[in-house]
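Heads up: the structure comes next, in structure tokens.
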Amino acid sequence: MIRIQPGSFLTLHYRLAGPDGADVVNTFGGKPATLSLGAGQLAPALEQRLVGLEEGARQAFDVPPGDAFGP
């Protein structure tokens, strides 16, 4: 199994929502995002949650405001 690690090049769909559940970013209706883990394209707290996941994994997680984009 291939696992995501720092420096991995990823293509993924993701959704970020605010506390009210409204989408801030949602790639599921179009093309997936492509990024390099560790290049600053996602908040560090989000990248940390991706590290160790297996290729092809589907994962949902809540990130407290102070860990994501501030209070």
Show me the strands (runs of 3 or more DSSP E) entirely contained within the chain in which 1 or more residues are touching a Pro at 6+ places or on another chain (Cβ under 6 Å) and at pLDDT 85 or above.
9-12
Selected residue (criterion: surrounded by the most Cβ atoms within 10 Å (Cβ to Cβ)) from residues of the stretch 6-55 that are within 13 Å of the chain's Cα centre (by Cα) and of a type in the set (D, E, K, R)
47
Please state which one of 58, 3 is open to solvent by 60 Å² or more (accessible area, probe 1.4 Å) and without any contact (Cβ under 8 Å) to a residue 24 or more places away in the chain.
58
For the stretch 1-17, enumerate the residues that are under 18 Å from residue 65 (Cα atoms) and touching a strand residue (DSSP E or B) at 6+ places or on another chain (Cβ under 6 Å).
15, 16, 17
For the stretch 31-42, the count of residues that are over 13 Å from residue 14 (Cα atoms) and either out of contact with any Leu (no Cβ under 8 Å at 6 or more places or on another chain) or acidic (Asp, Glu) (or both) equals 3
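The values are calculated or read from the model by the stated rules, or taken from the named source; none is laboratory data. Please read all numbers here as calculations on a predicted model, not as lab measurements. Backbone-built Cβ (ideal geometry, glycine too); neighbour counts: all protein chains shown. The area values use the complete protein model at the heavy-atom level, side chains included, leaving out ligands, DNA and RNA. Shrake-Rupley method; radii C 1.70, N 1.55, O 1.52, S 1.80 Å.
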